[in-house]
Every structure is written in C-alpha cells, then in structure tokens.
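Chemist: My questions all concern the structure below.
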Amino acid sequence: MCWRTEAQRRPVGAPRPVGAPRPVRAPRQLLLLALLSASAAAGAAEPDEREVCNEPLCYTASSLSAERNRMVMQNINIVDTTRGITRIKADLAEASGQDLGNSEWVLTGHVQVIMPQGRLSADRATVQFVNKRIASMSAQGTPAEFEHSAAPAENAHGHAREIDYDLEHELLKLNGDSWLSDGCNEINSQSIVYDIVNQKVRADAAPGGDTQVHGTLHSRSGPQCASTASRP
C-alpha cells in the first residue's frame, strides 16, 4: 500500500534582483522544481487516480496519526485499482491491524464510494480489505443510498438504513426500510438482496411481523421497461 499524505508547502522565496546573474542549478535541484510544479498542479485540479496510484491500493489524507495497531486519518481518499478504479472518500478513517492491506477501516462523515458502474453514499461505513483490495463494506445512513448503472438503459437505485456490499460476489443487501427501483418497478421491504451481475432481486418481509413486501409497476413504457419484462 502507498502511504500518501498532504503536506503544507513552504512560502516561495524573494524574487531574484534585477541584473543579478541567474544561478546554475544542479540536476537534483531541477528535479525538485519539477516535482514542486507537479504538486502545485495537482492541488489546482482533481488528479487522475490511474496516474497517482500505480499500486493495487493507495490513499491520501490531510493528516495521519498512528500507534501500534491503530491509525487515524482525516479527509481520507482511498483508491482501489484492482477492479478498474474504485474510490472512497470520508471525513475520518480509523484503521486497525498491523497489515493495512488485510484490515478493517471504519469511515465516518460524508462517506462516498465511486465505482466503475455506480456509487454509494452513507454516514458511516466499515470496509474490509483483503490482500490489498476492498472485499466488502457495510454502510449505514439516514438512509444509505446506492446507484448502479449496468448499461445506458439499465439503471437501478435504492436506499436502506444499512447496505452490505460484497464486492467479491457483486451482491448488495439492503436492510431496514429498504427500497429498490429499476425505473419500471419499485420494491419496498425490510430486506432486499440485489444480484448485480445477474440483475436478480429477492425481497423478504420481517420475520414474525405484519410488514409485507410491496411492489409497484409503473405505467410508463420504454426500452428499459421492455427489456426488463422480457427477462426470464
């Protein structure tokens, strides 16, 4: 894993006096100036994660404190390059374990997960890293929300009090006041499981309760609804 933290830049020195000879810089000084210029440009624009992170897993933070098996980071930005580019942002992160590539991270405050085919937002998330890649996460919010885009005409979005995401098997589990829609159908239930790869849904009512699974079929038609109706 790459260790990256933002650092405050030193103030620029006074300008060279008029008429003074220009100093000859050694190659190492030229390299330092190039790195400073690249750093300033990166601060002015959003960096491309593929250029910034050349490892399976990288992160940046505005501050970091560590002691033995615990590390706390402010304004965390995590990049996982093992499944395309997956990026996670949060106000605060606490990581536990001696090996950060196989550990549990608790993220709080404006949690945003941006994936190649969708995104997830929550107030809090617990992320499991296995072999330097994101294996799973559990997100909570009021509510936690997700959006999945499989194709231009095939989108799904939903929300729940808690969303468990198994990245290894591409399964989303919505628990507590769950709602899921593909633009043509809506499902309300206490528990919904969404198979992203096969685009299959299973909804269950709360055991022992009076709550039922509620579904709504929209009257509007379109290519997305037609393709949904034609699936087995």
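Chemist: Based on the Cβ-Cβ distance from E145 to V52, what FRET efficiency comes out when R0 is 30 Å, to the nearest 0.05?
Modeler: Values: r = 27 Å, r/R0 = 0.90.
According to the calculation, E is roughly 0.65.
Chemist: Each label point is 7 Å from the Cα along the Cα-to-Cβ direction; what then is the distance between the points at R87 and E168, in nm?
Modeler: Between R87 and E168, the label points sit 2.8 nm apart.
Chemist: Taking 0.36 nm per residue of sequence separation and subtracting the Cα-Cα distance, how much length would be gained by fully extending the chain between E186 and T126, in nm to one decimal?
Modeler: Values: separation 60, 0.36 × 60 = 21.60 nm, distance 2.77 nm.
Full-extension gain reported as 18.8 nm.
All of the numbers you see were taken from the coordinates with simple rules; none came from a lab. As the structure is a computational prediction, the values presented were derived from the model and not from experiment. For neighbour counting, all protein chains shown are included, and Cβ atoms are generated from backbone atoms with ideal geometry for every residue, glycine included.
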